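Take a look at the structure set out below.
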Amino acid sequence: MTSKEAILSESAQIVKSALIERGLETPMLPNELSAEVRKDKIEHHMREILTLMSLDLSDDSLADTPRRIAKMYVDEIFSGLDYANFPKITVIENKMGFDEMVKVNDISLTSTCEHHLVTIDGVATVAYLPSKSIIGLSKINRIVRFFAQRPQVQERLTQQVLVALQALLGTQDVAVKMDAVHYCVKSRGVMDSTSSTTTTALGGKFKSNPATRAEFLSN
Ligand SMILES: Nc1nc2c(ncn2[C@@H]2O[C@H](COP(=O)(O)OP(=O)(O)OP(=O)(O)O)[C@@H](O)[C@H]2O)c(=O)[nH]1
Ligand SMILES: [Zn+2]
């Protein structure tokens, strides 16, 4: 175990191991550089890139853009590449024996397409059938956001949220649906401004029981 892994929360370690086991981890290389060093290096390279595009970085509007991008990548839109940023998870014992579906609708989803590094904009719906544990509701939104803050393909993002919740809740009975507009389809390339993409990842009874599946997929 590296020193960085040693400080990861228990939840982060559980989720990371589950993704690796399922072959669903984002392709990543080990990186022991601190966030500050990474920002300095990204700033340097962004300066080169923008200069190669003929932009005059001595202009007062552009001067800080390389630093802004470096901060945005490391602290914001790609912060989910670092498990040290995995949210604090509150899981409590299901003492009330709640056994019906818990479903969180229309979770805001903003991610970045890993092929073009442009925005993916949509919503997620996440449900589970409680077993021994229930999870703090906002933690579902936070888990979606954590994995969205990586370069992504929508299929992997959907499955990562599924496996993370299955691991944390100790049940296979989890379902995730995402509906999103890809700006690599809308603002460039094929320039389609009306299509959106829906992906689902279903586990346990959501996959095997048609009524449970239908209840989740309705609305
Ligand atoms: N399956 C999947 N494909 C995606 C996602 N985001 C972007 N893509 C696609 O990734 C593909 C990359 O294809 P390439 O042919 O290598 O790239 P390109 O020349 O820029 O392709 P065009 O977008 O068709 O101009 C494109 O078809 C994108 O629409 C995603 O989340 N899931
Ligand atoms: Zn793309």
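Results, tabulated for the structure shown:
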{"read-out": "Residue pairs meeting the criteria (Cβ under 6 Å; at least 6 apart or on separate chains; first in the same structural domain as Leu165 (by TED's automatic domain parsing), in region 200-219; second part of a helix (DSSP H, G or I) and open to solvent by 70 Å² or more (accessible area, probe 1.4 Å))", "value": "Ala201/Gln159; Phe206/Arg213; Thr212/Lys205"}
{"read-out": "Identity of the residue in region 159-210, assigned to a helix (DSSP H, G or I), within 16 Å of ligand 1 (Cβ to nearest atom) and not hydrophobic (A, V, I, L, M, F, W, C), that ends up nearest to the chain's Cα centre (by Cα)", "value": "Gln160"}
{"read-out": "Total residues in region 113-153, condition closer than 14 Å to Val181 by Cβ and surrounded by fewer than 20 Cβ atoms within 10 Å (Cβ to Cβ)", "value": "6"}
{"read-out": "Test: residue in region 93-107 that is away from ligand 1 (no atom under 16 Å from the Cβ), open to solvent by 40 Å² or more (accessible area, probe 1.4 Å) and of a type in the set (A, V, I, L, M)", "value": "yes"}
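Here is a yes/no grid of residues against (1) on the phi > 0 side of the Ramachandran plot; (2) within 16 Å of ligand 2 (Cβ to nearest atom):
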| site | (1), (2) |
| --- | --- |
| Met178 | no, yes |
| Tyr183 | no, yes |
| Lys186 | no, yes |
| Asp192 | no, yes |
| Gly204 | yes, no |
| Asn209 | no, no |
| Thr212 | no, no |
| Ser218 | no, no |
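The values are calculated or read from the model by the stated rules, or taken from the named source; none is laboratory data. Quick caveat, the model's predicted, so the values are computed rather than measured. A quick note on method: Cβ atoms are made from the backbone with ideal geometry, for glycine too, and the neighbour counts reach across all protein chains shown. Heavy atoms of the whole protein, side chains included, go into the accessibility calculation; ligands, DNA and RNA do not. Shrake-Rupley method; radii C 1.70, N 1.55, O 1.52, S 1.80 Å.
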